[in-house]
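Only the coordinates and a few stated rules stand behind these numbers; no lab work does. Since we're looking at a predicted model, the values are computed, not measured. Virtual Cβ from ideal backbone geometry, glycine too; neighbours counted across all protein chains shown.
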Amino acid sequence: MGLNGLSGEDYIGEIQVRKALIKEIPTLEEMLSRAFDTDPFLNWYVLPGRKRKERIIKSFDILIRRIALEHDHIFTTGNLEGAAVWIPPGKWNMSILRQLSLMRLTPSITGIRHLFTRVWGLLMVEDKHPKEDHYYLLTLGVDPPYQNRGIGSRLLRHVLDECDEKSIPVYLETALEKDVRFYEGHGFNIRGTLTMPANGPMVWLMWREPR
């Protein structure tokens, strides 16, 4: 969900975008944990404490290995400075059995005490997910030392160009207001907002029609 460190970027030089290799996934999960360290949604969702970083990495491991990997739309840069994780059209809906399988992993990330409100929040977000065909940007992040160099824009454009060529819309969620402006600069519009339960953050739902 969302991104971190991508607003106000300038394109500098040539930035190589390619599909990530399976052996690179642990490195990308570590990178995304740094990129999303201050993300409001992730900090609401993940139980704080001594093992917070491990829980954040595990949350990205679930997103990548158990949800996105089979669709082969995980993109990174030459030296793994950033990553964009996509779900192609018609591939987001999961069976009840698969949802239950993923749900059993949730307490290790949220803690038992907060499990109900965090699952409730996820269900709120899922309820608003568009039914029409679209590319879904599951997550996009850039390692803090490499932010503000155009990497996020380049990762995003890699699939947006294909969407424009094939006339396919795009959907995403973000919990950072500054990133709303970043996405608006790439043609997204706010489709709605949600406020997570238990004093959780606001989440912007954004949609982009092909150009």
Intensity falloff of segment 15-114 expressed as log10 I(q)/I(0), Debye formula with alpha-carbon point scatterers, at q = 0.12, 0.14 Å⁻¹: -0.43, -0.58
Net charge over other residues, Cβ less than 14 angstrom from the Cβ of ASP161 (K, R count +1; D, E count -1): +2
Once the Cα atoms of helix 115-127 and of the chain are each reduced to a long axis, what angle between those two axes, in degrees from 0 to 90 to the nearest 10, is obtained? 40
Using +1 on the beta carbon of Lys and Arg, -1 on that of Asp and Glu, and nothing else charged, what's the dipole of segment 17-208 about the Cα centre, debye to 20? 660
Which of the three applies to segment 81-174, rounded, prolate or oblate, going by the alpha-carbon gyration tensor with a ≥ b ≥ c and a/c under 1.5 meaning rounded? oblate
Out of PRO26, LEU155, VAL125 - ranked by how far each Cα lies towards the positive end of the dipole of segment 17-208, with unit charges on the beta-carbon of charged residues - the top one is PRO26
Under 8 Å for C-alpha pairs, at least 6 residues apart: give me the relative contact order for the chain, rounded to a whole percent. 32
Would you mind putting 44-52, 181-189 in packing order, based on average other-beta-carbon counts within 10 Å, highest first? 181-189, 44-52
C-alpha long axis of helix 151-166 to longest principal axis of the chain, angle in °: 80
The chain, convex hull of Cα, quarter of hull surface, nm² -> 11.1
Summing Lys, Arg as +1 and Asp, Glu as -1, what charge do residues with Cβ under 11 Å from the Cβ of ARG208 carry, ARG208 excluded? -1
Starting with the highest mean, order 123-136, 77-90, 194-207 by the number of other Cβ atoms within 10 Å, averaged over the residues of each peptide. 77-90, 194-207, 123-136
I need the peptides 106-114, 27-35 ranked by packing, meaning the mean over residues of other C-beta atoms within 10 angstrom, with the highest value on top. 27-35, 106-114
